[in-house]
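**Student:** Shown below is the structure under consideration.
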Amino acid sequence: MKNGFRVLDSDLHTMEPDGLWERYLDEPFKGYAPRFVRPAEGAPNQPIIKIGDVEIAEMSKRARTAVVGKSLQERAFARHPHYAAAHARSYDSLSHLEAMDIEGIDVAVIYGTRGRQVLMHDDLPPEVAAALARAHNNWTRDFCAVNPERLKFAAQLAFHDVPAAVAEAKRAVRELGAVAVIGNPNPINGRHVHDPAMEPLWAAVEELGVPVGFHPTGQSSLRDDIARRYLDTPNGRVIGVAGRNPIELGPGSEVQISQLPSQYFFRQCYIATDADEKPLRQVVEAIGDDNIVVSTDYPHSDGLFPVAIEEFVHLEGVSDKTKAKILWDNCARLYKLPA
């Protein structure tokens, strides 16, 4: 609770230990366990990831952009002693629960960090990508088992192979208890999430009755990630984030939809607001408050911990009724959790 509001964080992240995949990968794939390299000029929480011959993390490979991440982490650690304590404990479940208590978060839906990052390369063999996702989901299930009433999770899917993604979605929801599935919004091997080849996955997810989360990474190692255009330009990190997830619909489309895009949005889409988004008042005025949830983004360095929820409950121009919906009701409806 925070100032009388129940709080359900739509997107709280793990910061997974390096040895996760050595322990959780299926035996035939253990040789593909990711290796993490941390250049001195970069942040410890933004390593270069090596999987076989594949190397992931364009931002961390460039000294000029790596140092930005290091600065962000240093500022985060200076904000509150919990960061250093959690880091020393490899961001385990208990340190996450302690962070939730500090923020006033009752329940959190866990999204991976490394679990997404290790999949962000077109050249991963599809069976390896699927194995990496399976291992991560098994680990996350165990992470949440420490307190399953407060820790829920979204299962990571690898989009490199659609049948494998279908199988993992079914396994993660039916056997592991995932409340959602999550994938990357950028094209993998040129295939977008709206490609007809992806339809079996969306049909399976609809059958499972869980939401799909789309969450980018800062790795920019996919060939069709728009942020790659800005890697070597001034402030390329910020520009890439701004350009990574646009949605454009308009005249000239050969595939016509039966409703307005806004109708689809209000029917089935949710967006997460950062806790300190001062323009939230104008957004609510424009689209209402039924389709917005909130995320603290802990433990990422660009988040607001330990005052994210404090910032949110004091936003001006947003009613207590709307705050209550965004902090709990909408997110509970999205993830089908008890109201």
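The values are calculated or read from the model by the stated rules, or taken from the named source; none is laboratory data. Note that the structure is predicted; figures quoted are calculated from it, not measured. Every residue, glycine among them, receives a Cβ derived from its backbone with ideal geometry; neighbour counts consider all protein chains shown. What goes into the accessible areas is simple: the full protein's heavy atoms, side chains included, and nothing from ligands, DNA or RNA. Shrake-Rupley method; radii C 1.70, N 1.55, O 1.52, S 1.80 Å.
**Student:** Only one of these is touching a residue at least 24 places away in the same chain (Cβ under 8 Å) and in contact with an Asp or Glu (Cβ under 7 Å, 6 or more places away or on another chain): G177, G190, G183. Name it. Give the steps one after another, and end with the answer.
**Tutor:** On the way: G177 fails: in contact with an Asp or Glu (Cβ under 7 Å, 6 or more places away or on another chain); G183 fails: in contact with an Asp or Glu (Cβ under 7 Å, 6 or more places away or on another chain).
Answer to the check: G190.
**Student:** For the subset of segment 280-298 comprising residues that are at pLDDT 95 or above and assigned to a loop (DSSP other than H, G, I, E, B), which member is surrounded by the most Cβ atoms within 10 Å (Cβ to Cβ)?
**Tutor:** Applying the filter and picking the extreme gives T296.
**Student:** Within segment 186-203, can you find the residues that are over 19 Å from D123 (Cβ atoms) and within 17 Å of the chain's Cα centre (by Cα)?
**Tutor:** Residue satisfying the conditions is V193 alone.
**Student:** What is the residue count in segment 22-38 for residues that are open to solvent by 60 Å² or more (accessible area, probe 1.4 Å) and among the hydroxyl-bearing types (S, T, Y)?
**Tutor:** 1
**Student:** To continue, here is another question. Hey, among G240, G250, which residue is surrounded by 13 or more Cβ atoms within 10 Å (Cβ to Cβ), modelled with pLDDT under 90 and either among the small types (G, A, S) or touching a strand residue (DSSP E or B) at 6+ places or on another chain (Cβ under 7 Å) (or both)?
**Tutor:** Details: G250 fails: surrounded by 13 or more Cβ atoms within 10 Å (Cβ to Cβ).
Within the list G240, G250, the selection yields G240.
**Student:** Which residue is modelled with the highest pLDDT, if the candidates are limited to segment 43-57 and must be touching a helix residue (DSSP H, G or I) at 6+ places or on another chain (Cβ under 7 Å) and over 18 Å from T14 (Cβ atoms)?
**Tutor:** Within segment 43-57, the match that is modelled with the highest pLDDT is I51.
**Student:** Kindly provide the set of residues from segment 288-306 that are of a type in the set (A, V, I, L, M) and touching a residue at least 40 places away in the same chain (Cβ under 8 Å), ordered by number.
**Tutor:** V293, V294
**Student:** Next up: Of the numbered conditions (1) touching a residue at least 40 places away in the same chain (Cβ under 8 Å); (2) closer than 18 Å to L132 by Cα, Q46 fails exactly one; give the number of that condition.
**Tutor:** (2)
**Student:** Suppose we filter G69, G52 for residues that are within 22 Å of the chain's Cα centre (by Cα) and either within 25 Å of G213 (Cβ to Cβ) or surrounded by fewer than 18 Cβ atoms within 10 Å (Cβ to Cβ) (or both); which single one remains? Outline the logic, then answer.
**Tutor:** Working: G52 fails: within 22 Å of the chain's Cα centre (by Cα).
After ruling out the rest, the residue left standing is G69.
**Student:** Something else: Looking at F305, F312, F265, can you tell me which residue is within 30 Å of R75 (Cβ to Cβ), outside any loop (DSSP other than H, G, I, E, B) and aromatic (F, W, Y)? Steps first, please.
**Tutor:** Values: F305 fails: outside any loop (DSSP other than H, G, I, E, B); F265 fails: within 30 Å of R75 (Cβ to Cβ).
Every option except F312 fails the conditions.
**Student:** Would you say R79 is charged (D, E, K, R), closer than 21 Å to K2 by Cβ and touching a residue at least 12 places away in the same chain (Cβ under 8 Å)? Give the derivation first.
**Tutor:** Numbers: charged (D, E, K, R): yes; closer than 21 Å to K2 by Cβ: yes; touching a residue at least 12 places away in the same chain (Cβ under 8 Å): yes.
Criteria met by R79.
**Student:** Moving on to the next point. If a residue counts only when it is touching a Phe, Trp or Tyr at 6+ places or on another chain (Cβ under 8 Å), closer than 22 Å to V179 by Cβ and of a type in the set (D, E, K, R), which helices (runs of 4 or more DSSP H) contained entirely in segment 1-116 have at least 1 such residues?
**Tutor:** Numbers: elements: 20-24, 58-61, 63-79, 81-88, 93-103.
The qualifying helices (runs of 4 or more DSSP H) are 93-103.
**Student:** When you look at S90, is it of a type outside the set (F, W, Y), open to solvent by 20 Å² or more (accessible area, probe 1.4 Å) and touching a residue at least 24 places away in the same chain (Cβ under 8 Å), yes or no?
**Tutor:** Yes; evaluated as a whole, the condition is true for this residue.
**Student:** At pLDDT 95 or above and of a type outside the set (D, E): which single residue out of S60, S10, S71 fits that description? If you could, list the steps in order and put the result at the bottom.
**Tutor:** Details: S60 fails: at pLDDT 95 or above; S71 fails: at pLDDT 95 or above.
The unique qualifying residue is S10.
**Student:** Still on this structure, I have one more. How many of the residues in segment 139-168 are aliphatic (A, V, I, L, M) and either within 16 Å of S95 (Cα to Cα) or touching a residue at least 40 places away in the same chain (Cβ under 8 Å) (or both)? Don't jump to the end; show me each part of the working.
**Tutor:** Just the residues of segment 139-168 that are aliphatic (A, V, I, L, M), to begin with: 145-146, 151, 154-155, 157-158, 162, 164-167.
Adding the requirement that they be either within 16 Å of S95 (Cα to Cα) or touching a residue at least 40 places away in the same chain (Cβ under 8 Å) (or both) leaves 145-146, 151, 154, 157.
Qualifying residue count, segment 139-168: 5.
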